[in-house]
Amino acid sequence: MTQAKGPKKFPAIGKRKSAIARIWLTPGSGSILVNGREHPTYFGRETLRFIIHQPFDVTGTVGKFDVQANLIGGGLSSQAGALRHAISKALLQVNTDYRKPLRRAGLLTRDAREVERKKYGHRGARRRPQYSKR
C-alpha cells in the first residue's frame with residue numbers, strides 16, 4: 001500500500017520564557033495560522049507581527065512558505081518570540097545555506113532568560129522591605 005505524497009512538511013519547536021511553539025512549515029503562499037486563527041487576529045500589535053516575519057525577511061523567503069503553529073504558555077510577546085525561534089529552525093531544515101544570515105541576525109539562539117523566583121523575606125525576587133533605622 002502506497003501513501004499519497006503531499007507537500008513536504010518541516011516541523012520545528014521554538015521556546016521563549018514559558019511559551020512553546022510547535023510549527024509545521026510547508027511550501028505555499030505565506031499564510032500563518034496560529035492556533036487555528038490567522039496571525040493578524042491572534043497577534044494584534046504590529047511589533048509582534050514584525051517579530052514573526054523576521055526569519056522570512058532575513059532569508060528572503062517572504063510569501064514562499066505557509067506556517068501552521070500551535071502555541072502554549074506564556075504571554076503574547078513570548079509566544080511571538082517562540083514562534084520566531086521555531087520558524088528560524090524550520091527554515092534551516094529547508095536550506096542549510098540560511099544558517100549564516102539567521103545566525104548573524106541572532107534568530108537561532110534560544111533566549112534562555114527566565115523569571116527569577118521570589119525569595120522569602122523579599123517583596124519579589126530582589127526587592128526588599130524598606131529599611132527603618134528607628
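The values are calculated or read from the model by the stated rules, or taken from the named source; none is laboratory data. Here the structure is a predicted model, which means the values were calculated and not measured. Here the Cβ is made from the backbone with ideal geometry for all residues, glycine too, and neighbour counts use every protein chain on show.
Key figures for this structure:
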quantity	calculated
Residue ID - nearest to the chain's Cα centre (by Cα), chosen from residues in segment 41-76 that are over 16 Å from G14 (Cα atoms) and among the polar types (S, T, N, Q)	T47
For G30: the one exception among (1) on the phi > 0 side of the Ramachandran plot; (2) at pLDDT 95 or above	(2)
Set F10, F43: member being free of Cβ contacts under 8 Å to residues at least 40 places away in the same chain, touching a helix residue (DSSP H, G or I) at 6+ places or on another chain (Cβ under 6 Å) and farther than 17 Å from D111 by Cα	F43
Which numbered condition Q68 misses (of (1) in contact (Cβ under 8 Å) with a residue 60 or more places away in the chain; (2) in contact with a strand residue (DSSP E or B) (Cβ under 9 Å, 6 or more places away or on another chain))	(1)
Residues of segment 89-134 satisfying the condition of being among the hydroxyl-bearing types (S, T, Y) and either outside any loop (DSSP other than H, G, I, E, B) or closer than 17 Å to T61 by Cα (or both)	T96, Y98
Output for segment 26-63, where each listed residue is among the charged types (D, E, K, R), under 16 Å from S77 (Cα atoms) and touching a Ser or Thr at 6+ places or on another chain (Cβ under 9 Å)	R45
Residues located in segment 98-134, provided they are touching a residue at least 24 places away in the same chain (Cβ under 8 Å) and loosely packed, with under 10 Cβ neighbours inside 10 Å	R113, E114, V115
